């Protein structure tokens, strides 16, 4: 039994570290459902233009256009917050009129009518080739579906960022069923795996439900069932 559990743990441990699936992701390899509000006659949303940093974010004062990136609809039911990870490229190298603070990006959550329900702007003070951002946006109570918009509202033709990668993760776990909550903390997570191993190997009493597969017996099959819950 001990050998079986140890092998199972190490087989699944690498996958467990990456078990949180993104709600949406944008890159040169994955941009389905994303919308770029730039004039279609200029640049389309495609792999080549993403790689070449041409998915630019700024305000065109001459034409009164905002160039922004809009995600597909995100399922936020049961979530309290979203984590946004983004890499934005600096297209202003060599421009004498470049002002880093003007390229400070704004991340917004929008409802179905495109009303802003949450927003955060990250200040930029230094000139770099690219910037990596991680920030959290709170989800309004009872929200079911939202979209993410990435913009550089203060930018102009001299102060432009380009979207390279944007990924949206749930920043907290949704409400989960009692099944699999072995440690009884109300959250289904890797901590339940540790508790289940302690139950099986050391006879520790579980605060929650250790019979994950519901067959009336707590054994190695419950470990497999717990990993299935975590990975799905």
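Meeting the requirement of 2 or more residues that are over 28 Å from residue 230 (Cα atoms) and modelled with pLDDT of 85 or more, the strands (runs of 3 or more DSSP E) wholly within the stretch 1-96 are 56-60, 65-67, 81-90. In the stretch 121-153, the qualifying residues are those that are assigned to a loop (DSSP other than H, G, I, E, B) and touching a residue at least 40 places away in the same chain (Cβ under 8 Å), and the one that is nearest to the chain's Cα centre (by Cα) is 139. Looking at the stretch 165-216 only, could you name the residues that are more than 30 Å from residue 99 (Cβ to Cβ), at pLDDT 85 or above and in a strand (DSSP E or B)? 169, 170 - these are the residues of the stretch 165-216 that are more than 30 Å from residue 99 (Cβ to Cβ), at pLDDT 85 or above and in a strand (DSSP E or B).
Scanning the stretch 45-74 for residues that are farther than 16 Å from residue 150 by Cβ and loosely packed, with under 15 Cβ neighbours inside 10 Å yields 46, 47, 48, 51, 52, 61, 62, 63, 64. Only one entry in 162, 118 is touching a residue at least 40 places away in the same chain (Cβ under 8 Å) and in a strand (DSSP E or B), namely 162. Residues of the stretch 97-113 that are surrounded by 14 or more Cβ atoms within 10 Å (Cβ to Cβ) and part of a loop (DSSP other than H, G, I, E, B): 98, 99, 104, 105, 111. For the stretch 107-138, a residue qualifies if it is out of contact with any strand residue (DSSP E or B) (no Cβ under 6 Å at 6 or more places or on another chain) and at pLDDT 90 or above, and the qualifying residues are 112, 113, 114, 115, 123, 124. Scanning the stretch 77-88 for residues that are farther than 13 Å from residue 169 by Cα and crowded, with 22+ Cβ neighbours inside 10 Å yields one hit, 88. Output the residue which, of all residues in the stretch 217-231 that are without any contact (Cβ under 8 Å) to a residue 12 or more places away in the chain and assigned to a helix (DSSP H, G or I), is farthest from the chain's Cα centre (by Cα). For the stretch 217-231, the residue satisfying everything is 221.
The values are calculated or read from the model by the stated rules, or taken from the named source; none is laboratory data. This is a predicted model, so every value here is computed, not measured. Quick reminder, even Gly has a Cβ in these numbers, built from the backbone with ideal geometry, and neighbours come from all protein chains shown.
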